[in-house]
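Visitor: Quick one: the structure is below, and I'll ask about it shortly.
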Amino acid sequence: MTDEPEEADIPYFWLSEDEWNHLMFSTRAQVGAILNPLRAYGQGVFVDGAIKELMILFDLVSQRVRGKDIPVTVLEKPRPSPLE
């Protein structure tokens, strides 16, 4: 017998739809700001796709944190290098 709580006993805080949308908007803006320098090096075509895939990943991770048993996979295999 352990003192660890059962998975179902762990309370998770859920955001309202408006709060969730604001959080995702803010997160997308921050990811865009972080990746923005890549646009100066000719990688702009990849930045928007990377932001989209990162946002999917963040959503999947948040679902796992809240107890949903799903795989946290956005890509089945790494994207090829632009130089390949």
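Since every read-out is calculated from the coordinates, none of them should be taken as a lab result. This structure is a prediction, so every number in the text was calculated from the model and none was measured. FYI the Cβ positions are ideal-geometry reconstructions off the backbone, even for glycines, and counts take in every protein chain you see.
Visitor: Quick one: 3J(HN,Hα) in Hz for region 43-53, Karplus 6.51/-1.76/1.60 with θ = phi - 60°, rounded, Gly and Pro as x.
Guide: Here the 3J(HN,Hα) series is 9, x, 4, 8, 5, 4, x, 5, 4, 4, 5 Hz.
Visitor: If you add up the charges near LEU35, with Lys and Arg at +1 and Asp and Glu at -1, over every other residue whose beta carbon is less than 15 angstrom from its beta carbon, what do you get?
Guide: My count for the surroundings of LEU35 gives +2.
Visitor: A further question follows. What share of all Cα pairs of region 31-74, in percent, falls into each consecutive 10 Å distance bin?
Guide: Spelled out per bin, shortest first, that is 29, 37, 24, 10.
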